[in-house]
Every structure is written in C-alpha cells, then in structure tokens.
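The structure appears below as structure tokens.
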Amino acid sequence: MGQQPDSLFYEEQRFQLPFLRLMLAIPPAILTLLAIWQVGLGHPWGKRPMSNASIIGWSIFLWLVYLRLIFVRLVTELRAGELRVSMRGLHRKRQIPLSDIKSAEMVTFDPIRDFRGYGIRTTKRAIAYLAAGNEGVRLQLARGKPVIVGSQRPKDLADAISRAR
C-alpha cells in the first residue's frame, strides 16, 4: 500500500518465508487428505474415527488459520507525535510516543542469530519487530529496552523519525 494521508512515513512488509508457508500448510493439507479418504471414499480412518462433520470442520478451521497467518503484515507508520508498529492480522500493535525516543539509528542484524527469527521477538537486549531482510532502525528509548523495527527502507525511517522529533 502507499503512503497514508496523515503519515510522515508508511511501510508495509510481508513475511518472506516460503519454507515456513509450506510447513504451515502441512497440517491442514494432511487433514484434508484424511477427510477425502474418510468422507469421500468411505474408509474410516483409525480404530475410533472422527465423525465426518468433525473432520470436515477441523479441515476448514485449519485452512482458515493458515490463510490468516500467511497474510500477516508488519506495518510501520510514523505520524505526528508517535510511531506505530503493528502486526496486521494478529491484532498486535505498539505505539511509541516520539517524546520517548532518544535516538534512531540504522542497524544491520542477523534475524536468526540475534533474535531467533522473525515476528515480534524479545531478548535480554531488545524488542524487535521483524518481517523480512536484515536491516532496520534501532530506537533508544528514554525508558525500557531498545526497540528494533525491521525495514526495507531503514534510512528513510530513521531520517523521518529524526525530523519528526
């Protein structure tokens, strides 16, 4: 999506993890195959099979969860007075008042080694919001742990925060 009307900076990132998408699709795919085996072909699965309605219901539920997870986005939005970082699709949002930000600098990191992956990650040293890549902006806050916001445009984000402060 493009720049929002009130935003000084706006960025929306998709999670770029094809292997993870494949792994997340395995449970609903297996349950769908079992539903076809039991409901479609008439072969009960196991000694005490689930009812046909249950196996169909669970298949649909798992596909809905899968679709929800693959459409999660990391949205970074700088507005007058605050920085908003949210995981759209998971209803997780953090609002950081610009008055709480002491400094903003570009950083490069290894998401796996430094934060054990992507998503909202908390370590002893920092809280990170990561979706893709290995660059972002480190925010030194007046109180609390530093916050790292992953970005495909870290220079633009750091400059926008500095100008807005």
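Any read-out appearing in this document is the output of simple, stated calculations on the displayed coordinates, not a laboratory observation. This one's a predicted model, so the numbers in the text were calculated from it and none came from an experiment. Every residue, glycine among them, receives a Cβ derived from its backbone with ideal geometry; neighbour counts consider all protein chains shown.
Structural remarks
- Test: residue in the stretch 123-140 that is touching a helix residue (DSSP H, G or I) at 6+ places or on another chain (Cβ under 7 Å) and of a type in the set (Lys, Arg): no
- From Arg138, Arg153, residue being touching a residue at least 60 places away in the same chain (Cβ under 8 Å) and surrounded by fewer than 19 Cβ atoms within 10 Å (Cβ to Cβ): Arg153
- Any hit, the stretch 51-70, residues being outside any helix (DSSP H, G or I) and touching a residue at least 12 places away in the same chain (Cβ under 8 Å): no
Okay, residues lined up against (1) surrounded by 13 or more Cβ atoms within 10 Å (Cβ to Cβ); (2) in contact with a Lys or Arg (Cβ under 7 Å, 6 or more places away or on another chain):
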site: Glu11; (1), (2): yes, yes
site: Leu17; (1), (2): yes, no
site: Met23; (1), (2): no, no
site: Ile26; (1), (2): no, no
site: Thr32; (1), (2): yes, no
site: Trp45; (1), (2): yes, no
site: Pro49; (1), (2): yes, no
site: Leu69; (1), (2): yes, no
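- Residues in the stretch 5-23 that are under 20 Å from the mean Cα position of the chain (by Cα) and either closer than 16 Å to Met87 by Cβ or in a loop (DSSP other than H, G, I, E, B) (or both): Tyr10, Glu11, Glu12, Gln13, Arg14, Phe15, Gln16, Leu17, Leu20.
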